[in-house]
Amino acid sequence: VNYPAQKGWYLDLQTPSSSLPQGERVIFNPVIRNGRVIFTTAIPSPSACTYGGDGWLMELDAVSGSRLAATPFDVNKDNKFSNADYLRASASGNAIPVSGRRSTVEIPSAPTILSAEPKREYKVMSGSKGAIESILENAASSSGRLSWREIMR
């Protein structure tokens with residue numbers, strides 16, 4: 001990355017159109033965790049008289065904004081993180097890590113992150129539907145201070 005020339009990155013969200021006049025937006029603060037930026041998006045219902053809508057949980061490289069080297073999501077829900085959790089590009093057949101997951105609870109809240117065990121964590125979100133969604137993820141390795149001890153003189 002050429003840091004002096006690049007002043008950051010952006011992600012094109014779904015723009016307003018005649019079939020989707022409201023567009024997609026980020027309404028909660030993102031979380032930076034272990035080099036990843038984690039955020040949810042909101043796509044309000046097309047009708048102003050209807051509650052709810054749709055949304056996504058996204059997880060990207062915080063520095064570059066690119067997809068992660070390994071998919072964070074257990075896409076096939078087998079409680080394992082393997083090659084089966086990647087998408088296949090139709091033309092090349094290459095395995096591509098997944099960067100986002102559609103919410104099952106309509107518009108999701110900002111995720112609460114619960115560590116389960118090494119390299120596994122849960123993202124828990126409430127939704128505009130009134131339900132709770134829990135997603136098992138492949139956690140990045142943490143670095144930095146994990147605990148501390150006060151030394152008395």
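The values are calculated or read from the model by the stated rules, or taken from the named source; none is laboratory data. Predicted, not measured: the structure shown is a model, and the values here were computed from it. Using ideal geometry, Cβ is built from the backbone for each residue, glycine included, and neighbour counts are taken over all protein chains shown. What goes into the accessible areas is simple: the full protein's heavy atoms, side chains included, and nothing from ligands, DNA or RNA. Shrake-Rupley method; radii C 1.70, N 1.55, O 1.52, S 1.80 Å.
Considering (1) in contact with a strand residue (DSSP E or B) (Cβ under 7 Å, 6 or more places away or on another chain); (2) open to solvent by less than 60 Å² (accessible area, probe 1.4 Å), the lone condition that Trp56 does not fulfil carries the number (2). Of all residue pairs spaced 6 or more apart or on separate chains, those with beta-carbon atoms under 8 Å, a first member in region 98-125 that is among the aromatic types (Phe, Trp, Tyr) and a second member that is open to solvent by 20 Å² or more (accessible area, probe 1.4 Å) are Tyr122/Ile113; Tyr122/Leu114; Tyr122/Ala116; Tyr122/Ser134. Of the residues making up region 35-58, those that are among the aliphatic types (A, V, I, L, M) and without any contact (Cβ under 8 Å) to a residue 40 or more places away in the chain are Val37, Ala48. The residue list Ile38, Ile32 contains one member that is open to solvent by 90 Å² or more (accessible area, probe 1.4 Å), under 24 Å from Glu137 (Cβ atoms) and not in a loop (DSSP other than H, G, I, E, B), which is Ile32.
Assuming Ser82 fulfils every condition listed in (1) in contact with a Lys or Arg (Cβ under 8 Å, 6 or more places away or on another chain); (2) free of Cβ contacts under 8 Å to residues at least 24 places away in the same chain; (3) surrounded by fewer than 13 Cβ atoms within 10 Å (Cβ to Cβ) apart from one, which condition is it? Condition (1) is where Ser82 drops out. Tell me, which residue of region 83-103 that is hydroxyl-bearing (Ser, Thr, Tyr) and at pLDDT 90 or above is farthest from the chain's Cα centre (by Cα)? So, considering only residues that are hydroxyl-bearing (Ser, Thr, Tyr) and at pLDDT 90 or above, the one farthest from the chain's Cα centre (by Cα) is Tyr86. For region 94-125, the set of residues classified as touching a Ser or Thr at 6+ places or on another chain (Cβ under 6 Å) and open to solvent by 50 Å² or more (accessible area, probe 1.4 Å) consists of Tyr122 only.
Checking each residue in region 5-29 for being closer than 19 Å to Ser103 by Cβ and either modelled with pLDDT under 85 or surrounded by 10 or more Cβ atoms within 10 Å (Cβ to Cβ) (or both) picks out Leu11, Leu13, Gln14, Leu20, Gln22, Gly23, Glu24, Arg25, Val26, Ile27, Phe28. When residues in region 133-143 are screened for being part of a strand (DSSP E or B) and surrounded by fewer than 13 Cβ atoms within 10 Å (Cβ to Cβ), 1 of them pass. Residues that are in a loop (DSSP other than H, G, I, E, B) and either surrounded by 14 or more Cβ atoms within 10 Å (Cβ to Cβ) or small (Gly, Ala, Ser) (or both) within region 41-53 comprise Ser45, Ser47, Ala48, Gly52, listed in sequence order. Looking only at region 60-71, decide whether some residue is surrounded by 13 or more Cβ atoms within 10 Å (Cβ to Cβ), among the β-branched types (Val, Ile, Thr) and free of Cβ contacts under 8 Å to residues at least 40 places away in the same chain. No, the conditions are met nowhere in region 60-71.
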